[in-house]
Amino acid sequence: MSTCVVSFEAEAKDRAMLEVMSDEQVEQRWGFLSRWWVIVKHSLEFTSWEHEGECWGLRRRRLEVRLPSLQDDYGDTVFITGFDVEDHQTSLQWTRGVLSLLAIVARLNYHDWRYILECHCDLSLGGEGEAQYEEEIPAQFMLKLASFEQTYTDMDADSFHDDLVLFCGTHQRQHHSRPYVEALGKVAALYNDKAALDVNVPVHVYFSSVAVWRQTMAMLLEVSRAEKAIEREWENYDVGAPGTPRCTFQLEPMLADFNSDPITPGLADTVQTLVDGNAWFS
């Protein structure tokens, strides 16, 4: 399957300076965000990329997040629990918001971040003493767009392009819901010295070898087109300084993994076209 990868590493110096509080104190501190965690309650898994260990000699696990779809596996319309959401774009915006808030919490206090993942997002971490339980959870996300699990059509490719531009373009600065703005304001009130916290989140689109057999060439072209569209948006946008904590998703070079299957002539031509057009690869 293809996944859209978002990675962010909380700074160790910020973790060290904040005390570890009891569960009750954590609940009291972040209780105003509890309705947000419901959005990704059953959508998180702590996992690694299929061939990452082969490429770099180290398998690093990240949080895999299944992004919202217009329909579930039975064809029924899906809505985000606790919010008035009736379309895919708004649903994606809400999910981007909760990931932003999670990244900000991780930056402010690692203990609280881990507690929220385990107790509010239902992330299975195993039991004390187990290797998985003791493993540190970096604030890094692998995002899966639901349509990636289908055979792509031209409409899917267009939707993929639009989702990337919405997620990483200036929409994230220009279109904030009132609940999201209120949540950021309350975070700023908790940490006065971090009121202008600015968290940048690199976003990588990841293609696995399985996706090659699912007509991924069109999707590769759409990523390149989205890169250029996002770049144009930010070139004409005044970034400014944050007045409250903010989190910005930034599209980075795409990752392509073709370890399991041969590269077809068509795919090779597509990659060459992208390279000639200054597309980013890693």
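Read-outs: derived from the displayed coordinates by stated rules, not from any lab. Model, not experiment: these values are computed from the prediction. Counting neighbours? That spans all protein chains shown, and the Cβs are built from the backbone with ideal geometry, glycine included.
Charge tally around residue 242: other residues with Cβ under 11 Å, Lys/Arg +1 each, Asp/Glu -1 each, net +2.
For the peptides 110-118, 95-103, 168-176, 186-194, residues were scored by their other Cβ atoms within 10 Å and the scores averaged per peptide; the highest-first order is 95-103, 110-118, 168-176, 186-194.
Annotation: for a label point projected 7 angstrom from Cα along Cα→Cβ of residue 28, residues of the stretch 103-121 with backbone N closer than 17 Å are 112.
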